[in-house]
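The values are calculated or read from the model by the stated rules, or taken from the named source; none is laboratory data. These numbers come from a predicted model, not from an experiment. Cβ sites come from the backbone with ideal geometry, for glycine too, and all protein chains shown count toward neighbours.
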Amino acid sequence: MTKSGLANKITASFIIVSVLAVIATSLIMLLMTRQQFSTYIDNYNQVMLDQWAPIISDYYSQYGSSGLQEYLQANTTGSGNATGRRRHGSMPMGMGIRQGQRLIVADANNIVVADTQGLLTGQPAKLDSLHLSSRELLIDNQPRATLYIISPLGSGLSSLENQFVARLTINTVILAIFIGLIALILGLVLGKRISSPLAALSTAIHQLANGQLDERLSLQGDREFMELGRDFNLMAQKLDDVEKNRRRLTADISHELRTPLTFLRGQLEGMQTGSIPLDVENIALLQDEVIRLSHLVKELDNLSLVENRAVSLNLSRFPLSELLEHLTPVSLAMQDKGISYSIDIDSAITEIYADRDRLLQILLNLLSNAMQHVEQGGQVTLSIKQHRNHLQFAVADNGRGIPPENLPHVFERFYRVDDSRNRREGGMGLGLAIARGYVEAQQGKIWVESSTGCGTVFYFTLPQE
């Protein structure tokens with residue numbers, strides 16, 4: 001959706017909703033007004049019945065239906081001759097009917113004997129009107145006739161009432177136009193305010209999809225758009241990091257494979273030509289390179305298991321001494337480098353509940369990482385402490401530490417604080433990522449604390465229940 005298209009739709013929506021709201025409100029007001037007028041007419045008819053019923057009953061008891069037609073016309077509309085008025089007298093002062101109202105009198109046989117409009121006289125009283133009020137006329141306490149007052153809505157409304165409804169309709173149209181103009185202005189302003197950030201986001205997404213991973217957004221305005229911009233930048237940064245890691249992985253694997261393969265190829269070619277003697281020492285060198293390649297493949301396989309959450313666990317209780325025994329090669333390697341290695345374990349800990357092989361791999365990775373970052377004469381300490389229902393492991397060193405900006409990334413795959421040093425020492429940046437995966441697979445937590453020049457401590461916990 002283009003920027004202008006979205007803005008136009010928002011503007012149109014504002015106009016439609018606003019105009020419909022005005023029309024709906026006006027229709028409700030119109031209906032309520034007409035209902036009030038209708039109720040007023042019905043009430044007025046009842047008042048008229050109260051006034052006319054005794055007069056016509058009195059007339060009917062004295063004269064019957066004879067002359068009633070002329071009497072009503074003479075005393076209500078002023079039409080017809082004055083015979084009825086002179087013969088039977090006039091109605092009391094103040095009596096009368098409103099314009100459009102109609103009086104009809106039907107006898108006991110439902111035959112119209114009087115009609116102020118003179119249309120139904122002598123015919124059966126088949127009346128159908130929107131506003132019809134009636135009352136039986138009692139003569140000597142016997143129903144002898146029926147008085148009807150008809151007030152059709154259209155004609156029953158006075159001219160003032162009709163003018164009010166007409167003005168209300170006109171004002172509704174004017175108000176709808178006015179509200180529509182306001183909605184148009186608001187729609188244009190808000191449409192631009194909403195569509196501009198979305199258009200910028202759409203452009204940035206297209207650029208990101210085309211491989212421009214350095215694209216970033218700076219959305220201003222409402223808090224939601226600012227958060228959207230931050231989320232986009234975070235996503236773009238992660239994609240950029242993934243791409244850099246992918247390139248680094250390609251370079252690392254190429255480097256790690258090229259060196260041993262080149263060495264193996266050279267050694268084997270030399271043995272074939274006889275320039276390199278086929279003895280135990282040279283075969284041992286070939287075996288070391290094969291072991292190095294096997295270790296690389298194993299690390300990549302372990303990383304794949306961790307990332308796919310497919311790590312299989314064999315949880316059991318085993319003696320602490322068994323774990324420490326398997327760590328002996330690392331302590332010997334540290335001694336060879338002139339690094340002091342110590343152990344600090346609570347005396348109450350004799351058994352550990354965990355996957356032994358995974359735990360051993362975690363500790364080997366952390367200790368190897370510490371050994372790589374400690375100079376000769378440095379110190380590495382392994383501690384295990386009991387904390388209620390879990391054990392806390394810690395691997396501490398007094399090496400050069402990790403810069404604060406690198407701390408959030410140390411557990412990411414292929415991440416290395418010092419590329420040149422780790423590559424020279426054979427590290428690919430997989431050990432800590434694998435360690436984190438193994439810890440989390442056993443429902444534990446792992447974290448790091450470090451400061452430049454003051455050493456580093458890696459902590460992790462494992463539940464014991």
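Those residues that are surrounded by 11 or more Cβ atoms within 10 Å (Cβ to Cβ), of a type outside the set (A, V, I, L, M, F, W, C) and closer than 16 Å to L391 by Cα, I need them from region 318-336; list them, please.
The answer is P319, and nothing else.
Taking the condition in contact (Cβ under 8 Å) with a residue 60 or more places away in the chain and either among the aliphatic types (A, V, I, L, M) or in contact with a Gly (Cβ under 7 Å, 6 or more places away or on another chain) (or both), does A114 pass?
Numbers: in contact (Cβ under 8 Å) with a residue 60 or more places away in the chain: no; either among the aliphatic types (A, V, I, L, M) or in contact with a Gly (Cβ under 7 Å, 6 or more places away or on another chain) (or both): yes.
No: the conditions fail for A114.
For S342, work out the one condition from (1) farther than 29 Å from R317 by Cα; (2) outside any helix (DSSP H, G or I); (3) free of Cβ contacts under 8 Å to residues at least 60 places away in the same chain it doesn't fulfil.
The failed condition is (1).
Give all pairs with beta carbons closer than 8 Å in which a residue from region 59-72 that is surrounded by 18 or more Cβ atoms within 10 Å (Cβ to Cβ) meets a residue that is modelled with pLDDT under 80 and of a type in the set (A, V, I, L, M); count only pairs at least 6 apart in sequence or on separate chains.
Y60/I139
Answer yes or no: is there a residue in region 399-414 that is modelled with pLDDT of 90 or more and either part of a strand (DSSP E or B) or closer than 20 Å to V242 by Cα (or both).
No, there is no match, as no residue in region 399-414 is modelled with pLDDT of 90 or more and either part of a strand (DSSP E or B) or closer than 20 Å to V242 by Cα (or both).
How many residues, within region 206-234, are in a helix (DSSP H, G or I) and without any contact (Cβ under 8 Å) to a residue 12 or more places away in the chain? Walk me through how you get there before you give the answer.
First, the residues of region 206-234 that are in a helix (DSSP H, G or I): 206-209, 223-234.
Next cut, without any contact (Cβ under 8 Å) to a residue 12 or more places away in the chain only: 206-207, 209, 223-224, 226-227, 230-231, 234.
Residues in region 206-234 being in a helix (DSSP H, G or I) and without any contact (Cβ under 8 Å) to a residue 12 or more places away in the chain: 10 in total.
Just the residues that are within 60 Å of the chain's Cα centre (by Cα), without any contact (Cβ under 8 Å) to a residue 12 or more places away in the chain and under 17 Å from Q101 (Cβ atoms), please, taken from region 31-58.
Start the filter on region 31-58 by keeping residues that are within 60 Å of the chain's Cα centre (by Cα), which leaves 31-46.
Still in the list and also without any contact (Cβ under 8 Å) to a residue 12 or more places away in the chain: 31-32, 35-36, 39-40, 43.
Once the filter is applied, which keeps residues that are within 60 Å of the chain's Cα centre (by Cα), without any contact (Cβ under 8 Å) to a residue 12 or more places away in the chain and under 17 Å from Q101 (Cβ atoms), region 31-58 yields T39, Y40, N43.
Got at least one residue in region 259-266 being closer than 25 Å to Q392 by Cα, exposed (fewer than 11 other Cβ atoms within 10 Å of the Cβ) and at pLDDT 85 or above? Walk me through how you get there before you give the answer.
Of all residues in region 259-266, those closer than 25 Å to Q392 by Cα come to none.
Looking through region 259-266, none of the residues is closer than 25 Å to Q392 by Cα, exposed (fewer than 11 other Cβ atoms within 10 Å of the Cβ) and at pLDDT 85 or above.
Restricting to region 441-454, what's the tally of residues that are crowded, with 16+ Cβ neighbours inside 10 Å and either of a type in the set (D, E) or out of contact with any Lys or Arg (no Cβ under 8 Å at 6 or more places or on another chain) (or both)?
Going residue by residue through region 441-454, those that are crowded, with 16+ Cβ neighbours inside 10 Å are 441-442, 444, 446, 448, 450.
Then drop every residue that is not either of a type in the set (D, E) or out of contact with any Lys or Arg (no Cβ under 8 Å at 6 or more places or on another chain) (or both), which leaves 444, 448, 450.
Of the residues in region 441-454, 3 are crowded, with 16+ Cβ neighbours inside 10 Å and either of a type in the set (D, E) or out of contact with any Lys or Arg (no Cβ under 8 Å at 6 or more places or on another chain) (or both).
Determine, yes or no, whether A310 is among the aliphatic types (A, V, I, L, M) and assigned to a helix (DSSP H, G or I).
Numbers: among the aliphatic types (A, V, I, L, M): yes; assigned to a helix (DSSP H, G or I): no.
In short, no.
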